[in-house]
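Please read the structure below before turning to the comments.
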Amino acid sequence: MKEKALLAVSFGTSHEDTRQKTIGAVEQALSDAFGGWQVEAAYTSPTIRRILAGRRQAVPSPEEAMEAMAAQGVRRLLVQPTHLICGEEYDKLCKAVWQREGLFERVQMGQPLLYDLEDYKAVAQAVCEALPVEPEEALVLMGHGTPHPMNAVYPALQYVFQSLGMGHVFLGTVEGWPDGPDVVARVQAAGYRKAALAPLMLVAGDHAKNDMAGPEPDSWKSLLEGAGLPVRCILQGLGELEAIQQMYVEHARRALAAWQD
Ligand code: CO
């Protein structure tokens, strides 16, 4: 074990088809960028950790990972979450990390993907470049959404798409505001004839496969089709995009720069 360690913390996913391409790719990008650092992974979701442990693919919780690292002699710890916003999951992680700060000489935490306005612009650009549309086709993005006040990131990001000339992008959330019916109504009112549908989430897991692209009458695919729009589903998590992977690397570097003052 090296003295300096970077812990990449994700919510986690049990969907193996997307896990390596998204979370695994972000972890790899961090590992490539931080030569000389021990890079470890942790997942916050107890359900997902239980499922993975049952498949002999155990991933530790952040608490377990920190305690193991401290016991193995790590002195300086940089925690980089792969979360999208400073929401509930991020708050919980901060609490867990700062409670264990005393186990190390220095602890620093990186920011999630969508932290400041520059992040919003960079994510908007990366998404639009990765998901080109056809004429008369809207790009409908499903974010996660949350009852946490940071749900405000989603309408703010919608405004950024608009202001950068990406008016064909419509962003909603599955668990927050604006919701699916709201987004479909806006796409219809804007006169689009068809829609490309993709998750604005790190992984294309359960929400993307079911709430977004599933056959149930309340999936976003069904809502759009019900509004008369043919739908093209893109089951690709943000973590698959190199530009997004590099944003996490940048956020980790930013945290480290603050550390070295
Ligand atoms: Co969820």
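The values are calculated or read from the model by the stated rules, or taken from the named source; none is laboratory data. All values derive from a computational prediction rather than experimental measurement. Here the Cβ is made from the backbone with ideal geometry for all residues, glycine too, and neighbour counts use every protein chain on show. Surface accessibility is based on the protein's heavy atoms, side chains included, excluding ligands, DNA and RNA. Shrake-Rupley method; radii C 1.70, N 1.55, O 1.52, S 1.80 Å.
Data table
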{"quantity": "Pairs, first without any contact (Cβ under 8 Å) to a residue 12 or more places away in the chain in region 63-88, second part of a strand (DSSP E or B), C-beta under 9 Å, six or more apart", "calculated": "ALA68/GLU40"}
{"quantity": "Residue that is farthest from HIS15 (Cα to Cα) [pool: residues in region 25-54 that are in a loop (DSSP other than H, G, I, E, B) and in contact (Cβ under 8 Å) with a residue 24 or more places away in the chain]", "calculated": "GLY36"}
{"quantity": "Some residue of region 203-212 being part of a loop (DSSP other than H, G, I, E, B), within 12 Å of the ligand (Cβ to nearest atom) and buried (at least 16 other Cβ atoms within 10 Å of the Cβ)", "calculated": "yes"}
{"quantity": "Top-ranked residue in region 213-235 [being more than 16 Å from the ligand (Cβ to nearest atom) and of a type in the set (Gly, Ala, Ser); ranked as farthest from VAL187 (Cα to Cα)]", "calculated": "SER222"}
{"quantity": "Any hit, region 179-189, residues being within 17 Å of LYS221 (Cβ to Cβ), free of Cβ contacts under 8 Å to residues at least 40 places away in the same chain and within 16 Å of the ligand (Cβ to nearest atom)", "calculated": "yes"}
{"quantity": "Criterion violated by GLU216 - all others in (1) open to solvent by 10 Å² or more (accessible area, probe 1.4 Å); (2) in contact with a strand residue (DSSP E or B) (Cβ under 7 Å, 6 or more places away or on another chain); (3) assigned to a loop (DSSP other than H, G, I, E, B) satisfied", "calculated": "(2)"}
{"quantity": "Options TYR115, TYR120; residue that is more than 16 Å from the ligand (Cβ to nearest atom), open to solvent by 70 Å² or more (accessible area, probe 1.4 Å) and outside any strand (DSSP E or B)", "calculated": "TYR115"}
{"quantity": "The listed residue being at pLDDT 95 or above, more than 26 Å from GLU242 (Cα to Cα) and among the acidic types (Asp, Glu), out of GLU89, GLU3, GLU67, GLU40", "calculated": "GLU67"}
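A quick yes/no check of all residues on (1) of a type in the set (Asp, Glu); (2) out of contact with any Gly (no Cβ under 9 Å at 6 or more places or on another chain); (3) at pLDDT below 95:
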| residue | (1), (2), (3) |
| --- | --- |
| LEU157 | no, no, no |
| SER163 | no, yes, no |
| THR173 | no, no, no |
| ASP179 | yes, no, no |
| ASP182 | yes, no, no |
| ARG186 | no, no, no |
| LEU200 | no, no, no |
